[in-house]
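Reviewing the structure listed below.
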Amino acid sequence: MTQALKHYLQFTDLSADEYAYVFTRAALIKKKFKAYEKHHTLADRTLAMIFEKASTRTRVSFEAGMYQMGGAVVHLTTGDSQLGRAEPIEDSAKVISRMVDLVMIRTYGQDKINRFAANSRVPVINGLTNEFHPCQIMADLLTFIEHRGNAAHPLDCLKGRVVAWVGDGNNMANTWLQAADLLGFTVHVSTPSGYEVDPTIAGLVTHSECFKVFADPMQACQGADLVTTDVWTSMGYEAENEARQRAFADWCVDADMMAVAQPNALFMHCLPAHRGEEVSADVIDGDQSVVWDEAENRMHVQKALMEYLLLGRQ
Ligand code: CP
Ligand code: NVA
């Protein structure tokens, strides 16, 4: 089966039913990978990866994932392509999408990836923008399902859960909100003043039921099934670093915060992490932390996503 042109620019671009399929497929693809079984469903397909910001996980997971599915990749950055010399994004999209089957972009404003997609003949995947990081939240949810649910009914274990978001109201926070609204859980958000999450970015109204705001991060963590955080200063915001270091000092996920969450609460971080800033070393390196599973699951879930966007349900 093939698929009509479909982009993955934000979390809401797939329905709950499509996520159920992708998570189940990702579990199968992961199992085959672990057993060294070939899974060459994207043979002869090419993925272009465009990076306007740095990356370790996103690059390795997409590149290794594409090779494992029998495909190939082209790696472009702002510095080594005409993108860095002001070729319009619309022209770049028209050209690149005539030569490859799929495009992944990591860039700044969401408007840029939207403009690329509007001019692309092939599916475009968001590999992180200032506003969203949907591939990471997919990997985080797959990780939660592995630890707390089952692959046959992947979404069931998410319903009614509480995710505590401690830190910046950034691209990860916005995407958690979208996931909560779509999949039926609640995000307890605690950010320093001035760094609040803006629900309208996620397409939500201010009083949406899928999130609650807490001034005190300890209260946000109370009874949570999952505690998660991210760097205080995201890529593109480096000029604010000093002010952020001061503002975020009380938003470090430590053992005290984990102690008020559920006794079996998981800890997640999209990585890269700064021990002693947004998370203490004993938490990120402790028993409740599943950060390495999260990182690995980027690859498995993105393989399922790429296959779905190109071939539809198998
Ligand atoms: N989590 C994540 O996207 O990592 P990279 O910045 O290394 O790709
Ligand atoms: N919020 C972080 C995530 C990095 C993977 C950033 O945008 O830099």
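Surface analysis of region 171-314 yields an accessible area of 40 Å² per residue, using protein heavy atoms and a 1.4 Å probe.
In the elastic network of the chain, a GNM with C-alpha springs shorter than 10 Å, the most mobile of Leu141, Leu42, Leu28 is Leu28.
By the combined test of axial Cα extent (at least 24 Å) and Kyte-Doolittle hydropathy (mean at least 0.0), none of the DSSP H helices of the chain qualifies.
With n ≥ 4 as the cut-off for DSSP H runs, can you work out [θ] at 222 nm for the chain, using -39500 (n - 2.57) per run divided by the number of residues, rounded to the nearest 500?
-11500 deg cm²/dmol
With a ≥ b ≥ c the root eigenvalues of the C-alpha gyration tensor of region 112-191, is it rounded (a/c under 1.5), prolate (a/b larger than b/c) or oblate? Here region 112-191 falls in the oblate category. Mean-square fluctuations from a GNM of the chain, with a 10 angstrom spring cutoff on Cα atoms, peak among Arg298, Arg57, Arg115 at Arg115. The residues of region 17-91 expose, per residue, 50 Å² of accessible area to a 1.4 Å probe.
From the C-alpha coordinates alone, can you work out the Kirkwood hydrodynamic radius of the chain, in Å? After inverting the pairwise mean of 1/r, the radius is 19.8 Å.
The fraction of accessible area contributed by carbon and sulfur in the chain is 51 percent, rounded to a whole number (1.4 Å probe; ligands and nucleic acids excluded).
Ignoring lysines fewer than eight residues from Lys159 along the same chain, the ones with Cα atoms less than 20 angstrom from its Cα are Lys212. Each Lys or Arg adds one and each Asp or Glu takes one away; over the other residues whose Cβ falls under 15 Å from the Cβ of Arg59, this sums to +1.
Residues Glu37, Glu278, ordered by accessible area of protein heavy atoms at a 1.4 angstrom probe radius and largest first, appear as Glu37, Glu278. Computed from backbone phi, the HN-Hα couplings of region 198-204 come to 10, x, 5, 5, 6, x, 10 Hz, rounded to whole numbers (Karplus: 6.51 cos²θ - 1.76 cosθ + 1.60, θ = phi - 60°; Gly and Pro given as x).
Largest mean-square fluctuation among His300, His207, His75, in a Gaussian network model of the chain whose springs join Cα atoms under 10 Å apart, belongs to His207. With every protein chain left in place, what is the accessible area of Phe267 in Å² (1.4 Å probe, nearest 10)? The accessible area of Phe267 comes to roughly 0 Å².
Taking amide H as placed 1.01 Å from N in the peptide plane, Ile125 has its amide H under 5 Å from the amide H of Tyr8, Val103, Met104, Ile105, each at least 5 places away in sequence or on another chain. Based on the Kirkwood approach, the hydrodynamic radius assigned to region 42-114 is 12.7 Å, with every pair of different Cα atoms included.
Residues in region 232-241 carry Karplus couplings, in order, of 6, 10, 6, 4, x, 10, 4, 5, 8, 4 Hz; the curve used is 6.51 cos²θ - 1.76 cosθ + 1.60 with θ = phi - 60°, and Gly or Pro positions show x. Residue ranking by accessible heavy-atom surface, 1.4 Å probe, largest first, among Val100, Val213 comes out as Val213, Val100.
With both partners inside region 96-192, how many of the DSSP beta bridges are antiparallel, as a percent to the nearest 5? Antiparallel bridges: around 0 percent, rounded to the nearest 5. Could you calculate the FRET efficiency of Asp44 with Ala249 from 1/(1 + (r/R0)^6), where r is the beta carbon distance between them and R0 is 45 Å, rounded to 0.05? Taking R0 as 45 Å, the efficiency between Asp44 and Ala249 is 0.30.
Summarising the amide proton neighbourhood of Lys212: residues at separation of 5 or more, or on other chains, whose placed amide H is nearer than 5 Å comprise Val187, His188, Val189.
The values are calculated or read from the model by the stated rules, or taken from the named source; none is laboratory data. What you see is a predicted model, and the numbers here were worked out from it, not measured in a lab. As a convention, Cβ positions derive from the backbone with ideal geometry for all residues, glycine included, and neighbour counts pool all protein chains shown. For the accessible areas, the whole protein counts, side chains as well, though only heavy atoms, and no ligand, DNA or RNA atoms are used. Shrake-Rupley method; radii C 1.70, N 1.55, O 1.52, S 1.80 Å.
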